[in-house]
Amino acid sequence: MIGVAVVMTAGTRPARARIVRAGSTALAGSLLAVVAACAQGGPVGGGPAPGGPSSGSAAPRPAAPAPRPAGFTLVASGDVLPHDSIIRRAAEDAGGVGYDFRPMLAGARSVVSRADLAICHMETVYGEDGGPYTGYPAFKSPPEVAAALRATGYDSCSTASNHTLDDGAAGLGRTLDALDAAGVKHAGSARTAAEAARPTLLKAGGATVAQLAYTYDTNGYPLPEGRPWAVNLLDEGRVIADARAARAAGADVVVVSVHWGSEWQTEPDERQLSLARSLTASATGGRPDIDLIVGTHAHVPQAYEKVNGTWVIYGMGDQIAGDMINHEGVFDPRGNQSSIGRFTFVPPRTKGARWQVTKAEFVPQWFDTGRGRVVNLGAADGSDPRHPGIRETIRQVVLGRGAAEDGLTAGK
């Protein structure tokens, strides 16, 4: 994985010191004449260079073309949703001292850590150090989640969800503080107006990537008094304006994380479809304003689709969650199925053009609640007879809107 790169400009080399003995003025003058003649390309004697013009000057060499910036791979994954059972598992994995979420995420590490840029969705907010911690319906997760996300290889997480205000401004602030301490960037919520106004910019390969994030709602919790900027609410005009501002701030690629859709519905709903069309149609100077849309919230995998030439993941599903109960009050195994999207971007051949996705993949994932572990179904060894059926269920949903015809393939 890469973090945020620092670009340094090499300075000129210091000139070599010339040593002249005291009283050797004539010798010094002779040496200076030799140096001057060599610098002009002529012979020491001062005559014209053999076979060249009498001035001794050489034609300037054409400047070498600047190298194209490097391409990069980006992965994005679904909701991290620590229910009570997940918190208990993390306590067990820590041996009774604190909470350790790294073992349950270890199954995703081979995919996440190999990408140049990895994005997660942190759906819940964090409680105070030492607790108390709670699951559904008002979540307060152990802040140790942040360190586990970083250890898995995540560079940044969207933090705009319907649970962002479960513990008010205090919970929002603790969450961003913990992510900062772990070295994980974030987008979608903010502690100050200045923070809210800055796009989250990340380095990947030779590109600057902006991550923007929005949620459809905050479960009825009002925005904190005097802080209308605390959580980014999903609005078409706002998303487009923010994408253009991110481009003006230097973003080569703009990724939009959206918490949207209808829970327990594998088909994208009409608002998802409508927003996907309008957001991907937005362009400035012929260049699309948004380069990738990745969705969360529905608790089940949803389709990938290329819309107006831009990849959209309507929903990746829950990466981490306890046994999920649907709206009918029944355990629904789809709530522990998900995918990771992986996209390979290459730089444009002409300045100011769009970075292109040359390879699009999905990696099927499953959270085994019995073991409390993420399972990479793309790399599963076949030892568990449940895996093929779960993998096929995810595949059918992901490809349900014709993504295979646009080149989407299954990855490991």
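Of the residues making up the stretch 306-333, those that are of a type in the set (Ser, Thr, Tyr) and not in a loop (DSSP other than H, G, I, E, B) number 1.
For the stretch 243-254, check the following and say yes or no: at least one residue is acidic (Asp, Glu) and either without any contact (Cβ under 8 Å) to a residue 12 or more places away in the chain or surrounded by fewer than 19 Cβ atoms within 10 Å (Cβ to Cβ) (or both). No; the residues of the stretch 243-254 include none that is acidic (Asp, Glu) and either without any contact (Cβ under 8 Å) to a residue 12 or more places away in the chain or surrounded by fewer than 19 Cβ atoms within 10 Å (Cβ to Cβ) (or both).
One residue is enough: does the stretch 74-92 have a residue meeting the conditions in a helix (DSSP H, G or I), small (Gly, Ala, Ser) and more than 21 Å from Val184 (Cα to Cα)?
Going residue by residue through the stretch 74-92, those that are in a helix (DSSP H, G or I) are 84-92.
Cutting the leftovers down to small (Gly, Ala, Ser) gives us 85, 90-91.
Right, trim to more than 21 Å from Val184 (Cα to Cα) and you get 85, 91.
Looking through the stretch 74-92, at least one residue is in a helix (DSSP H, G or I), small (Gly, Ala, Ser) and more than 21 Å from Val184 (Cα to Cα).
Tallying residues that are free of Cβ contacts under 8 Å to residues at least 24 places away in the same chain and in a loop (DSSP other than H, G, I, E, B) within the stretch 373-412 yields 8.
Ser262 fulfils the conditions (1) within 27 Å of Asp84 (Cα to Cα); (2) touching a strand residue (DSSP E or B) at 6+ places or on another chain (Cβ under 9 Å) except for a single criterion, (2).
Can you find even one residue in the stretch 123-135 that is under 17 Å from the mean Cα position of the chain (by Cα) and at negative phi? Among the residues of the stretch 123-135, at least one is under 17 Å from the mean Cα position of the chain (by Cα) and at negative phi, which makes the answer yes. Within the option set Val363, Val375, being within 27 Å of Tyr99 (Cβ to Cβ), touching a Lys or Arg at 6+ places or on another chain (Cβ under 7 Å) and not basic (Lys, Arg) holds for one residue only, Val363.
Once the stretch 335-362 is narrowed to residues that are farther than 23 Å from Ser110 by Cα and touching a strand residue (DSSP E or B) at 6+ places or on another chain (Cβ under 8 Å), the residue that is modelled with the lowest pLDDT is Gly352. Screening Gly370, Gly352 for residues that are part of a loop (DSSP other than H, G, I, E, B), small (Gly, Ala, Ser), loosely packed, with under 13 Cβ neighbours inside 10 Å and in contact (Cβ under 8 Å) with a residue 24 or more places away in the chain leaves exactly one candidate, Gly352.
Quick one: count up the residues across the stretch 117-167 that are polar (S, T, N, Q) and touching an Asp or Glu at 6+ places or on another chain (Cβ under 8 Å). Explain how you work it out, then say what you get.
First, pick out the residues of the stretch 117-167 that are polar (S, T, N, Q): 124, 134, 141, 152, 156, 158-159, 161-162, 164.
Now drop any that are not touching an Asp or Glu at 6+ places or on another chain (Cβ under 8 Å), which leaves 124, 134, 161-162.
Residues meeting the conditions: 4.
When restricted to residues that are under 19 Å from Gly400 (Cβ atoms) and within 27 Å of the chain's Cα centre (by Cα), the stretch 313-333 contains 6.
Residues that are crowded, with 17+ Cβ neighbours inside 10 Å and hydrophobic (A, V, I, L, M, F, W, C) within the stretch 221-242 comprise Trp229, Ala230, Val231, Leu234, Val239, Ile240, listed in sequence order.
Taking residues in the stretch 157-171 that are part of a helix (DSSP H, G or I), and partners anywhere that are modelled with pLDDT of 95 or more and surrounded by fewer than 24 Cβ atoms within 10 Å (Cβ to Cβ), the pairs with Cβ atoms closer than 6 Å and at least 6 places apart or on different chains are Ala169/Pro224. Of all the criteria given as (1) touching a residue at least 24 places away in the same chain (Cβ under 8 Å); (2) over 28 Å from Pro288 (Cα atoms), the one not satisfied by Gly226 is (1).
Mind listing whichever residues of the stretch 127-143 are in contact (Cβ under 8 Å) with a residue 40 or more places away in the chain and outside any loop (DSSP other than H, G, I, E, B)? Those that are in contact (Cβ under 8 Å) with a residue 40 or more places away in the chain and outside any loop (DSSP other than H, G, I, E, B): Thr134, Ser141.
The values are calculated or read from the model by the stated rules, or taken from the named source; none is laboratory data. Everything numeric in this text was worked out from a predicted model, so none of it was measured. Quick reminder, even Gly has a Cβ in these numbers, built from the backbone with ideal geometry, and neighbours come from all protein chains shown.
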